[in-house]
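The values are calculated or read from the model by the stated rules, or taken from the named source; none is laboratory data. The shown structure was predicted, so the numbers you read here are calculated from the model rather than taken from an experiment. Backbone-built Cβ (ideal geometry, glycine too); neighbour counts: all protein chains shown. Remember, those area values only see protein heavy atoms, side chains included, never the ligands or the DNA or RNA. Shrake-Rupley method; radii C 1.70, N 1.55, O 1.52, S 1.80 Å.
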Amino acid sequence: MTSKQAWVLGLASLASFMMSLDSLIVTTALNTIRQDLAASIEELEWTVNAYSLTFAVLLLTGAALGDRFGRRRVFVVGLALFTVASVACALSPDIGVLIASRAFQGAGAALVLPLSLTLVSAMFPPRQRGKAMGLYLGITGLATFGGPFIGGVVTEELAWQWIFWLNLPIGVIAILLTVRRVDEVTGPDSRLDLGGVALVTLGAFGVVWGLVRGNAAGWSSAEVLGALVLGVVLVIAFVLWERRTEAPMLPMRFFRLRAFATANPANFCVFASLYGTLFFLAQYFQTVHGEGPLGAGLRLMPWTATLMVCAPIAGRLADKVGERTFVVGGLLLQTLSMGWIAVVADTGTDYLELLPALIIGGAGLTMAMPAAQKAVVGAVRPQEIGQASGAFMTLRIFGGVFGVAVTVAVFAGAGGYASAGEFGEGFTAAMGAVAAFAFAGMLIALGMPGGRLTAVTAPAQAAGTAPQGEKVP
């Protein structure tokens with residue numbers, strides 16, 4: 001690895017570290033935020049989804065801005081926006097301001113994360129890319145591993161506001177080092193697809209709004225049905241628009257490539273299952289087991305530790321044996337582990353009864369993630385990596401938004417916060433939903449190309465008629 005490669009990988013991973021640390025700390029603090037700001041389950045859900053929704057709908061725009069105006073420049077702007085929004089979160093006087101500030105955090109993350117993946121993918125040749133992505137996720141895993149503990153300590157010993165203040169020094173350091181150590185690069189200079197941005201933003205918002213409001217307003221109400229129908233219609237309109245516009249933010253021809261068309265929806269299910277689990281797991285330990293934020297964070301660490309340990313290994317092995325094995329196998333493990341928790345978890349379940357399932361499920365998710373990433377970015381030509389990375393990240397975060405919305409709806413239909421027993425009933429139903437997401441993703445991943453894949457052939461790829469690469473036994 002050259003010095004330039006090391007700096008790009010290190011700074012991209014540091015940025016991802018900051019975003020992941022924020023997500024895990026917020027998850028651990030949700031119960032405290034709910035009590036401190038008198039937030040309803042819907043408002044608590046929007047605390048997570050306001051960030052994820054703006055993140056998802058602006059990701060492709062972030063990748064396009066990086067290609068046009070310079071990937072390093074836009075990466076730095078995103079870091080600055082995320083850092084300032086984090087300060088606004090820390091200063092929020094009520095849940096409404098916190099939700100709005102989280103939305104701005106998501107906009108900053110949308111400029112950072114797709115470009116972090118693009119910078120790494122473009123810096124490393126195909127034969128090294130799986131290892132680099134594994135290291136990228138492994139460094140991110142340090143935040144994932146330490147996030148629950150840090151969140152518990154900060155929330156219990158200081159205040160939940162300090163979980164956002166932590167982003168200030170990390171953001172400043174990342175900005176200064178990026179300006180000094182990363183060269184400016186650009187991608188294809190194409191027009192911004194503002195029509196596509198508007199359609200996908202409004203469509204996703206409509207679907208998520210309907211899912212969030214379903215239990216409160218009634219699934220057959222005009223509000224919910226209207227939002228869901230409008231959202232679906234606008235998503236369909238987005239697909240049609242992207243097929244006809246001269247400069248699409250997401251070229252539909254990518255979906256003619258088998259690896260791209262299967263790895264993306266499979267990873268959608270990976271993150272639907274992951275985010276649904278994240279939203280409720282720390283709350284379960286606090287509400288049902290009676291733990292404080294620190295105790296809940298400590299109980300999450302064996303689960304989150306698997307990302308740091310398994311991701312680099314899975315990334316290296318995917319280079320040798322192919323991506324499908326890891327995506328299918330990982331989702332199978334997640335299905336079995338979350339299904340087991342859904343069966344055994346109740347108010348009298350001991351933590352040690354849940355621990356093996358948590359470790360197996362975490363290992364499964366982290367087997368699937370780097371393999372799916374490698375399959376997607378390897379399906380396109382080098383100059384299209386930015387668009388492919390943005391599409392991958394967008395569908396991944398949409399998966400998280402959808403997963404939280406559905407699992408909260410399932411939880412609210414089966415339980416609530418009135419007592420530990422009522423919460424436990426909702427929790428087991430929600431874990432059944434995340435197991436179902438993982439199982440659906442496993443079925444989709446069975447359609448991925450088998451074997452190890454070589455680099456794409458540019459002329460065939462440009463025509464959109466060839467598979468993503470040649471299979472190597």
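Observations
- Note on segment 337-358: residues that are at pLDDT 85 or above and crowded, with 17+ Cβ neighbours inside 10 Å amount to 9.
- Test: Ala440 is out of contact with any Cys (no Cβ under 6 Å at 6 or more places or on another chain) and not hydroxyl-bearing (Ser, Thr, Tyr): no
Here's the yes/no breakdown for (1) of a type in the set (Lys, Arg); (2) in a helix (DSSP H, G or I); (3) farther than 30 Å from Gly339 by Cα:
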site	(1), (2), (3)
Ile175	no, yes, yes
Glu184	no, no, yes
Gly203	no, yes, yes
Leu240	no, yes, yes
Pro248	no, no, yes
Ala259	no, yes, no
Pro265	no, yes, no
Leu274	no, yes, no
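Residue-by-condition table, conditions (1) more than 30 Å from Gly424 (Cβ to Cβ); (2) in contact with an Asp or Glu (Cβ under 9 Å, 6 or more places away or on another chain):
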| position | (1), (2) |
| --- | --- |
| Leu331 | no, no |
| Thr335 | no, no |
| Val344 | no, yes |
| Glu353 | no, no |
| Thr366 | no, no |
| Ala371 | yes, yes |
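- In segment 55-62 there is no residue matching the filter, namely being at pLDDT below 85, assigned to a helix (DSSP H, G or I), over 23 Å from Pro382 (Cα atoms) and of a type in the set (S, T, N, Q).
- In segment 158-172, the residues that are open to solvent by 10 Å² or more (accessible area, probe 1.4 Å) and either under 26 Å from Ala363 (Cα atoms) or touching a residue at least 12 places away in the same chain (Cβ under 8 Å) (or both): Gln161, Trp162, Trp165, Leu166, Leu168, Ile170, Val172
- Residue within segment 303-326 that is at pLDDT below 80, open to solvent by 40 Å² or more (accessible area, probe 1.4 Å) and closer than 27 Å to Gly196 by Cα present: no
- Within segment 243-257, residues that are closer than 14 Å to Ala64 by Cα have Cβ atoms under 8 Å from residues that are open to solvent by less than 70 Å² (accessible area, probe 1.4 Å) and assigned to a loop (DSSP other than H, G, I, E, B) in these pairs: Ala247/Ser190; Ala247/Leu192; Ala247/Asp193; Pro248/Asp193; Met249/Leu192; Met249/Asp193, counting only partners at least 6 apart in sequence or on another chain.
- One residue stands out among those in segment 1-46 that are open to solvent by 20 Å² or more (accessible area, probe 1.4 Å) and either of a type in the set (A, V, I, L, M) or outside any helix (DSSP H, G or I) (or both): the one that is modelled with the lowest pLDDT, which is Met1.
- Number of residues in segment 264-295 that are more than 16 Å from the chain's Cα centre (by Cα) and not hydrophobic (A, V, I, L, M, F, W, C): the value is 10.
- Residue tally, condition buried (at least 24 other Cβ atoms within 10 Å of the Cβ) and polar (S, T, N, Q), over segment 384-441: 4
- Members of segment 270-292 found to be modelled with pLDDT under 85, closer than 24 Å to Thr366 by Cβ and of a type outside the set (Phe, Trp, Tyr), listed by number: Leu278, Leu281, Ala282, Gln283
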